[in-house]
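Since the structure comes first, as structure tokens, the remarks are kept for the end.
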């Protein structure tokens with residue numbers, strides 16, 4: 001079954017114990033997980049960090065008798081599935097799930113023959129096989145147009161067509177670019193707005209992003225962050241630099257008048273960094289920095305304790321923080 005169809009009326013659907021999801025499009029999977037999160041307690045696990053034994057132990061006695069229904073999303077489940085040889089494993093796992101369901105997510109294209117062989121044959125006897133397929137271009141255009149309408153905004157047809165072309169109809173890319181347009185452009189969106197705001201071809205470094213963030217250059221911050229994530233820079237690497245800068249800046253702002261001494265004590269000796277941090281210090285109050293540090297630590301916990309997707313969590317954090325800073 002197509003995952004888009006499966007999630008229609010999800011609140012009334014009886015979710016089977018163990019399900020297999022074949023992913024062609026990450027955005028379709030993300031919207032599905034978001035809908036699940038609105039209904040149930042969702043936990044993200046990583047299949048390449050688990051084997052058959054450790055996965056089974058996740059569902060302890062405490063998990064079995066939890067009152068609120070839980071849904072486990074196991075990303076990169078290929079390696080986990082390879083470690084499971086006996087079909088009875090999924091029967092035993094199903095008996096252990098009293099108030100929970102599992103979605104095993106794979107990106108590998110599975111053939112009919114593979115699905116009919118054990119242990120997948122038994123897995124699908126207790127669960128559904130779902131496909132997160134890429135929608136056709138007409139459907140993608142409809143999805144994007146509906147997003148603007150939902151936000152009470154209008155985009156010119158020519159601008160919408162141009163946006164679709166420069167993102168190659170990639171839904172995840174489109175989501176990021178639409179977020180930027182909604183954040184930076186009031187009123188009707190024209191093709192000139194799309195050309196100005198979306199998909200810069202410039203190459204950015206982590207320090208370009210951090211400099212833009214602490215300079216409150218909102219447009220450059222989002223452009224550089226999108227560029228970094230597209231290029232494969234790990235979100236946790238970016239966050240580590242953000243936290244380091246925020247802590248140093250907090251120390252600098254709280255140091256009083258002797259900024260030169262404080263800069264030296266913080267190890268900021270290069271003329272460029274000294275100048276940059278003096279500029280940042282003029283833009284943030286001590287209380288604003290305290291709030292920023294708390295929010296960054298909460299973001300870190302969200303990713304490392306609750307297994308939220310780092311890239312998406314960081315992007316959402318930056319957008320929400322910039323909106324907060326502008327208000």
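Tabulated data for the structure shown
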{"read-out": "Listing of helices (runs of 4 or more DSSP H) fully contained in the range 243-327 that carry 3 or more residues being under 17 Å from the mean Cα position of the chain (by Cα)", "value": "286-304, 310-326"}
{"read-out": "Yes/no for residue 90 being in a helix (DSSP H, G or I) and surrounded by 16 or more Cβ atoms within 10 Å (Cβ to Cβ)", "value": "yes"}
{"read-out": "Inter-residue pairs, beta-carbon under 8 Å, first in contact (Cβ under 8 Å) with a residue 24 or more places away in the chain and in the range 202-221, second assigned to a loop (DSSP other than H, G, I, E, B) and buried (at least 20 other Cβ atoms within 10 Å of the Cβ), 6+ apart", "value": "214/284"}
{"read-out": "Selected residue (criterion: modelled with the highest pLDDT) from residues of the range 135-189 that are outside any helix (DSSP H, G or I), in contact with a helix residue (DSSP H, G or I) (Cβ under 8 Å, 6 or more places away or on another chain) and exposed (fewer than 15 other Cβ atoms within 10 Å of the Cβ)", "value": "154"}
{"read-out": "Count of residues meeting criterion [part of a helix (DSSP H, G or I), touching a residue at least 24 places away in the same chain (Cβ under 8 Å) and surrounded by fewer than 18 Cβ atoms within 10 Å (Cβ to Cβ)] in the range 1-25", "value": "2"}
{"read-out": "Selection within the range 96-133 - within 27 Å of the chain's Cα centre (by Cα) and buried (at least 16 other Cβ atoms within 10 Å of the Cβ)", "value": "100, 101, 102, 103, 104, 105, 106, 127, 128, 130, 131, 132"}
{"read-out": "Exclusive hit being touching a helix residue (DSSP H, G or I) at 6+ places or on another chain (Cβ under 9 Å) and surrounded by 15 or more Cβ atoms within 10 Å (Cβ to Cβ), set 255, 285", "value": "255"}
{"read-out": "Any hit, the range 65-75, residues being touching a strand residue (DSSP E or B) at 6+ places or on another chain (Cβ under 8 Å), more than 26 Å from residue 176 (Cβ to Cβ) and part of a helix (DSSP H, G or I)", "value": "no"}
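For (1) closer than 30 Å to residue 24 by Cβ; (2) in contact with a strand residue (DSSP E or B) (Cβ under 6 Å, 6 or more places away or on another chain), each residue gets a yes or a no:
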position: 133; (1), (2): yes, yes
position: 141; (1), (2): yes, no
position: 159; (1), (2): yes, yes
position: 162; (1), (2): yes, no
position: 180; (1), (2): yes, no
position: 189; (1), (2): yes, yes
position: 198; (1), (2): yes, no
position: 207; (1), (2): no, no
position: 215; (1), (2): no, no
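Yes/no matrix, rows are residues, columns are (1) in the same structural domain as residue 175 (by TED's automatic domain parsing); (2) in contact with a helix residue (DSSP H, G or I) (Cβ under 7 Å, 6 or more places away or on another chain); (3) at pLDDT below 90:
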site: 16; (1), (2), (3): no, yes, no
site: 19; (1), (2), (3): no, no, no
site: 28; (1), (2), (3): no, yes, yes
site: 50; (1), (2), (3): no, yes, yes
site: 69; (1), (2), (3): no, no, yes
site: 85; (1), (2), (3): no, no, yes
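The values are calculated or read from the model by the stated rules, or taken from the named source; none is laboratory data. Since the structure is predicted, the reported quantities are computational estimates derived from the model, not experimental observations. Neighbour counts are summed over all protein chains in view; Cβ atoms, including those assigned to glycine, are modelled from backbone coordinates with ideal geometry.
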